[in-house]
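The values are calculated or read from the model by the stated rules, or taken from the named source; none is laboratory data. This one's a predicted model, so the numbers in the text were calculated from it and none came from an experiment. So basically every Cβ, Gly included, is an ideal-geometry build from the backbone, and we count neighbours across all protein chains shown.
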Amino acid sequence: MKPGQVKTFCQNCHMKCRIFVTVSNGKVQKITSSGDMEGAKSTPAYAEVTHRERVIYPLKRKGRRGGAHWDRISWDEALDTMAEKFAHAKEHYGVDAVGTLRG
């Protein structure tokens with residue numbers, strides 16, 4: 001591994017392939033992958049991390065659904081809100097009511 005490079009893994013599917021993230025001045029400069037998946041993994045990963053519209057802090061919908069109006073909220077408020085919603089789902093629909101999927 002080179003200086004300024006962090007070894008981590010891709011989170012876009014269940015494979016969790018190894019990737020290397022080059023960081024300089026606290027910003028991602030480059031993402032490369034090991035093996036034959038170079039273009040398939042590293043190029044989209046870099047584009048996703050550096051996209052100008054990437055959400056990097058919690059937002060809460062303001063107004064009606066679909067209105068595309070959002071307010072920035074604190075991490076504490078976001079976590080409290082999600083804890084309340086998960087507890088409500090568990091209480092009313094059971095422990096199997098929530099699932100996650102990525103990839």
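Across region 9-63, what is the total count of residues that are in a helix (DSSP H, G or I), in contact with a Ser or Thr (Cβ under 6 Å, 6 or more places away or on another chain) and modelled with pLDDT of 80 or more?
Adding up the residues that qualify gives 0.
Mind telling me which of the residues Thr50, Thr100 ends up being among the polar types (S, T, N, Q), within 25 Å of Thr8 (Cα to Cα) and exposed (fewer than 11 other Cβ atoms within 10 Å of the Cβ)?
Thr100
Which residue, of Asp80, Asp76, Asp71, is outside any loop (DSSP other than H, G, I, E, B) and either touching a Lys or Arg at 6+ places or on another chain (Cβ under 9 Å) or under 24 Å from Glu48 (Cα atoms) (or both)?
Answer to the check: Asp71.
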